[in-house]
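K.L.:
Okay, handing you the structure first.
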Amino acid sequence: MDKARDHCGIVGIFNHPEAARLSYFGLHALQHRGQESAGIVTATFDEAKGRPTMPHHKDFGLVLDVFADAGLFETTLLGDAAIGHTRYSTSGSATNPANIQPFVVHYQEGNLALAHNGNLSNARTLRDELVAKGTLFNSSSDSELILHLVAQSQEEGPTARIIDALHRCKGAFSLVILTDDALIAVRDPNGFRPLALGRIAREGGAAAYCVASETCAFDLIGATYVRDVEPGEILVIDRAGIERVERGGDFYGHCLPRPHGVSQCVFEFVYFARPDSMIFGAMVDKVRRKLGKAMAHDAPVPEVASGEKRPIVMAVPDSSNTAAIGYVSESNKMGRRCKLDIGLIRNHYVGRTFISPGQDARELKVKSKFNTVKGVLKDRVVVMVDDSIVRGTTARQLVRMVRDAGAKEVHFRVASPPVISPCFYGMDFPSHDELAANKFASIDELADWLGVDSLAYLSAEGMMRAVEEAHDEAEHYCNACFTANYPVPVELGVVKEENDW
Ligand code: SF4
């Protein structure tokens, strides 16, 4: 892994006869948030059994592969409510099918399904308490803890039990929960992970409602963005709620206390979310351009002698494309002349690669994903723009390829500060010592290792200013992986040991 990876994308649909199919398309749009497994659960009434049921289908693989059998939507995934999940798992659990979400259980109040994006920071304590009570676990995922807390709650009714259980959870949890009668959308009090509410108009009937990690899922299913699920909000979408909304009201909600304020994940803007999405109420594209512009001030394009050709600025595709556009436009405004060009082509169709013995696996992996455009790079001063450096191994390999393509000088610009600390709120990072910024005593040493003529990062202040300019107050964001200031105390070790209870 050479980039931070999110654990999941989640989607929920309520009051639509094609709920499962819409969830499927929603998961397609969220595929970048997790590629190792996918699943959909629906809520329906089984006439033959005379009771509500929750049929489901989930497996390892991409959404397209897991749901390759179109018949699933005709025969199995029936009902007008559904939730879906696409997951990236940590390596230890990658082969355990019990960890594939959504989880589905039957308990005292009926059926219950849950899909989770994030990490509970008090997972160890909760697990120990539940084990002491004799609770048996099926998976090694912290998400299962929430189901047990719901099942063991002393409150009455599914919603009251869910609210009670969520008061026990700390850390990062954007959730979609399906009961026999309702879709419940939840964001933790800090709002670490995004979750948006959308509406699908239906002719001659009440609208359908949907929730998704990013609004790019809404675009694919013809939903309009209504608002974000607020940090700490437990939003209940049921039939009575829809009637109320259609009459101009709002859904039933409950708010969890916010002891640590709001701290949404700034890394979603830096790298993770798609630029065509709106998250935390702001367009990712707009914030990412601002990051590129701020970088032009913190880390300008190198000056070239008059008469020399303008430096070429190129993004490391695809996540850096937007930042590179902002960087170039601001650099030119500042009088640092440069030209945006495409010097690296990314192959989007690479899955797993099989390496022959003797081949350099890492080199081949990078080369199978990227190639250089030699005519663009030859004899030019090149500025490579990347959104972040995590381990740095891919960056190093790409620099070598750009040099091999004939670049005269290679300068590297990073549209975020050095990543110095792991994330405990749902993003998967390498350990502290594996992070490139921690392996070298200075930026110059890291630059030498990368093989570049110069290396510069956007400052933490510049990053937060850019977020503020584009959108919202900097204090509403977590930037702990760049600053080591963790907004919610963490039971250290929990996240990485997720699979070794
Ligand atoms: S530590 Fe970094 S990746 Fe994790 S929530 Fe905070 S900003 Fe996001």
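K.L.:
Output yes when any residue across the range 376-388 is within 16 Å of the ligand (Cβ to nearest atom), in contact with a helix residue (DSSP H, G or I) (Cβ under 7 Å, 6 or more places away or on another chain), assigned to a loop (DSSP other than H, G, I, E, B) and closer than 24 Å to PRO300 by Cβ, and no when none is.
P.N.:
yes
K.L.:
Hey, another quick one. Only one residue in GLU308, GLU330, GLU303 is crowded, with 16+ Cβ neighbours inside 10 Å and of a type in the set (Asp, Glu). Which one?
P.N.:
On inspection, the qualifying residue turns out to be GLU330.
K.L.:
When the range 127-146 is examined, which residues are found to be part of a helix (DSSP H, G or I) and surrounded by fewer than 21 Cβ atoms within 10 Å (Cβ to Cβ)?
P.N.:
Within the range 127-146, ARG127, ASP128, GLU129, LEU130, VAL131, ALA132 qualify.
K.L.:
A further question on this structure: Return a yes/no flag: does the range 235-246 have any residue that is in contact (Cβ under 8 Å) with a residue 60 or more places away in the chain, away from the ligand (no atom under 16 Å from the Cβ) and part of a strand (DSSP E or B).
P.N.:
Scanning the range 235-246 turns up at least one residue that is in contact (Cβ under 8 Å) with a residue 60 or more places away in the chain, away from the ligand (no atom under 16 Å from the Cβ) and part of a strand (DSSP E or B).
K.L.:
I'm checking my understanding of the structure. Among residues of the range 32-63 that are in a helix (DSSP H, G or I) and at pLDDT below 95, which one is least open to solvent (accessible area, probe 1.4 Å)?
P.N.:
ARG33
K.L.:
Scan the range 416-442 residue by residue and report those that are surrounded by 15 or more Cβ atoms within 10 Å (Cβ to Cβ), hydrophobic (A, V, I, L, M, F, W, C) and more than 13 Å from the ligand (Cβ to nearest atom).
P.N.:
ALA436, ALA437, PHE440
Here's the yes/no breakdown for (1) open to solvent by less than 10 Å² (accessible area, probe 1.4 Å); (2) out of contact with any strand residue (DSSP E or B) (no Cβ under 7 Å at 6 or more places or on another chain):
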{"residue": "ARG247", "(1), (2)": "no, yes"}
{"residue": "HIS254", "(1), (2)": "no, no"}
{"residue": "GLY261", "(1), (2)": "no, yes"}
{"residue": "TYR271", "(1), (2)": "no, yes"}
{"residue": "MET278", "(1), (2)": "no, no"}
{"residue": "ASP285", "(1), (2)": "no, yes"}
{"residue": "LEU291", "(1), (2)": "yes, yes"}
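K.L.:
Being of a type outside the set (Gly, Ala, Ser), touching a Gly at 6+ places or on another chain (Cβ under 6 Å) and not in a loop (DSSP other than H, G, I, E, B) is the requirement here; does VAL105 meet it?
P.N.:
No: the conditions fail for VAL105.
K.L.:
Within the range 145-165, which residues are touching a strand residue (DSSP E or B) at 6+ places or on another chain (Cβ under 6 Å) and not β-branched (Val, Ile, Thr)?
P.N.:
Scanning the range 145-165 gives LEU147, ALA151, PRO158.
K.L.:
Does the range 250-306 hold any residues that are in a loop (DSSP other than H, G, I, E, B) and farther than 26 Å from ILE234 by Cβ, and which are they?
P.N.:
Within the range 250-306, ARG274, PRO275, ASP276, ALA299, PRO300, VAL301, PRO302, GLU303, VAL304, ALA305, SER306 meet the criteria.
K.L.:
Examine the range 75-90 for a residue that is assigned to a strand (DSSP E or B), buried (at least 16 other Cβ atoms within 10 Å of the Cβ) and within 16 Å of the ligand (Cβ to nearest atom), and state whether such a residue exists.
P.N.:
Within the range 75-90, none of the residues are assigned to a strand (DSSP E or B), buried (at least 16 other Cβ atoms within 10 Å of the Cβ) and within 16 Å of the ligand (Cβ to nearest atom).
K.L.:
Filter the range 163-207 down to residues that are under 22 Å from GLY281 (Cβ atoms), touching a Phe, Trp or Tyr at 6+ places or on another chain (Cβ under 8 Å) and away from the ligand (no atom under 16 Å from the Cβ), then give me how many there are.
P.N.:
Residues flagged as under 22 Å from GLY281 (Cβ atoms), touching a Phe, Trp or Tyr at 6+ places or on another chain (Cβ under 8 Å) and away from the ligand (no atom under 16 Å from the Cβ) within the range 163-207 amount to 7.
K.L.:
Looking only at the range 211-242, count every residue that is within 15 Å of ASN117 (Cβ to Cβ) and open to solvent by 50 Å² or more (accessible area, probe 1.4 Å) and tell me the total.
P.N.:
The number of residues fulfilling the criteria is 0.
K.L.:
What are the pairs with Cβ atoms under 9 angstrom where one residue, in the range 264-275, is under 13 Å from MET463 (Cα atoms) and within 9 Å of the ligand (Cβ to nearest atom) and the other, located anywhere, is among the aromatic types (Phe, Trp, Tyr) and assigned to a helix (DSSP H, G or I)? Sequence gap at least six, or different chains.
P.N.:
From residues that are under 13 Å from MET463 (Cα atoms) and within 9 Å of the ligand (Cβ to nearest atom), the pairs are CYS265/PHE272; VAL266/PHE482; PHE267/PHE482; VAL270/PHE482.
K.L.:
Confirm whether ALA282 is under 28 Å from VAL452 (Cα atoms) and out of contact with any Ser or Thr (no Cβ under 6 Å at 6 or more places or on another chain).
P.N.:
no
The values are calculated or read from the model by the stated rules, or taken from the named source; none is laboratory data. Source: prediction; values computed, not measured. Here the Cβ is made from the backbone with ideal geometry for all residues, glycine too, and neighbour counts use every protein chain on show. Just so you know, the surface numbers come from the protein's heavy atoms only, side chains and all, with ligands and any DNA or RNA stripped out. Shrake-Rupley method; radii C 1.70, N 1.55, O 1.52, S 1.80 Å.
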